[in-house]
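The values are calculated or read from the model by the stated rules, or taken from the named source; none is laboratory data. These numbers come from a predicted model, not from an experiment. Please note: Cβ atoms are built from the backbone with ideal geometry, for glycine as well, and neighbour counts cover all protein chains shown.
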Amino acid sequence: MHPMPTSDPWADWVLHARDGGCRAQARRTRAEIATHAQRLLTLAELRPGLVLADVGCGEGLLSWQALAMTGGALHVELSDVSPRLLRRARAFARLQRCSAQCRFASADATDLAHLAEASVDVVALRAVLAYVDDKAAALREAWRVLRPGGRLALAEPVFQDAALAAAEWRRALQFGSARDPLLPLLLRWQAAQFPSDTAGIARSAICSHNERDLLRLVRRAGFGRVHLELHIDQRPAGPDAWDAFIERAPHPLAPNLRRILAERFDAAERARFVRALRPQVEAGTLEADDRIVYLVAHKPG
Ligand SMILES: C[S@@+](CC[C@H](N)C(=O)[O-])C[C@H]1O[C@@H](n2cnc3c(N)ncnc32)[C@H](O)[C@@H]1O
């Protein structure tokens, strides 16, 4: 059963398309997110007694990690644009008996009106700013709500390299066909996940920037003492069930492979593609390439 897309695409992706409905993959994703969150909160020098704003909180994974790291001695302001994910975060807080330390708000990262000026010690965004069109406005809001001496903490995926490579492939395919008939199909799959050309990439929230652009945006918003780490992890993806693999999309704005196969391949192409790719997916020999930028910056005290 494939859930129908709803009017809450963020929840659709986090709750289904990210892991393709596969429980084992969902467990792996959560373990990875916990590692990223731990790294980010450590860089941001999170400690007991602080106020943390978890902007674009989703189900609240970063907040639960922060509460665990501080023995529960933290006040957390969770906000998101997805009603379904916020509801899940609220329910999870009740389950963990930490509702008293949490406040929830439906808010866009560019308008944190529920937070007073200079009221927060750490503003954290994990895999959120990448999807915000007006990144400068989101950084201005982070600056406004932070106390002097407070920290902005980002852990964001970087998609620009993959998007530029896909646009290059698409262009190359227009000039003569490759000898291997499978190659154009593999490239069509990759290219379907990103804008079709460099102008589209420049306009897209998720691929318009690389880690140096983020650094410039953060400096322009007034932050100082910036520390940035770019982590690139290339490794075998590990064995996967084909039915879950085709349900998955690499980011919330991309179609999953099932849709790409249905809409962009004819029957013969689909059969050739599945014959070649499925054994690799099931054997775990496909390569995963994750690029994450960790950035911590200070509001001068
Ligand atoms: C990949 S999820 C990450 C969720 C969470 N930060 C985590 O670490 O698990 C992206 C989140 O960003 C939220 N989001 C997308 N655009 C947003 C915006 N403009 N303002 C606030 N949140 C946004 C989505 O609703 C979703 O919860």
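Just checking, does segment 38-54 include any residue being small (Gly, Ala, Ser), near the ligand (Cβ under 9 Å from one of its atoms) and in contact (Cβ under 8 Å) with a residue 40 or more places away in the chain? Scanning segment 38-54 turns up no residue that is small (Gly, Ala, Ser), near the ligand (Cβ under 9 Å from one of its atoms) and in contact (Cβ under 8 Å) with a residue 40 or more places away in the chain.
Residue under question is residue 167, and the condition is that it be assigned to a helix (DSSP H, G or I), more than 10 Å from the ligand (Cβ to nearest atom), at pLDDT below 90 and of a type outside the set (Val, Ile, Thr); does it hold? Against the criterion (assigned to a helix (DSSP H, G or I), more than 10 Å from the ligand (Cβ to nearest atom), at pLDDT below 90 and of a type outside the set (Val, Ile, Thr)), residue 167 qualifies. Would you be able to say whether some residue in segment 66-73 is assigned to a loop (DSSP other than H, G, I, E, B), within 14 Å of the ligand (Cβ to nearest atom), modelled with pLDDT of 95 or more and in the same structural domain as residue 44 (by TED's automatic domain parsing)? No, there is no match, as no residue in segment 66-73 is assigned to a loop (DSSP other than H, G, I, E, B), within 14 Å of the ligand (Cβ to nearest atom), modelled with pLDDT of 95 or more and in the same structural domain as residue 44 (by TED's automatic domain parsing). If you go through segment 225-233 one residue at a time, do you hit one that is surrounded by fewer than 18 Cβ atoms within 10 Å (Cβ to Cβ), at pLDDT 95 or above and over 22 Å from the mean Cα position of the chain (by Cα)? Yes, segment 225-233 contains at least one residue that is surrounded by fewer than 18 Cβ atoms within 10 Å (Cβ to Cβ), at pLDDT 95 or above and over 22 Å from the mean Cα position of the chain (by Cα). Tell me whether segment 126-135 contains one or more residues that are in a strand (DSSP E or B), surrounded by 18 or more Cβ atoms within 10 Å (Cβ to Cβ), within 10 Å of the ligand (Cβ to nearest atom) and at pLDDT 95 or above. Among the residues of segment 126-135, at least one is in a strand (DSSP E or B), surrounded by 18 or more Cβ atoms within 10 Å (Cβ to Cβ), within 10 Å of the ligand (Cβ to nearest atom) and at pLDDT 95 or above, which makes the answer yes.
On the basis of being assigned by TED's automatic domain parsing to the domain that holds residue 47 and at positive phi, does residue 91 make the cut? Considered against the rule, which asks whether it is assigned by TED's automatic domain parsing to the domain that holds residue 47 and at positive phi, residue 91 comes out as no. Among residues of segment 92-125 being exposed (fewer than 14 other Cβ atoms within 10 Å of the Cβ), within 13 Å of the ligand (Cβ to nearest atom) and not hydroxyl-bearing (Ser, Thr, Tyr), the one that is farthest from residue 74 (Cα to Cα) is 111.
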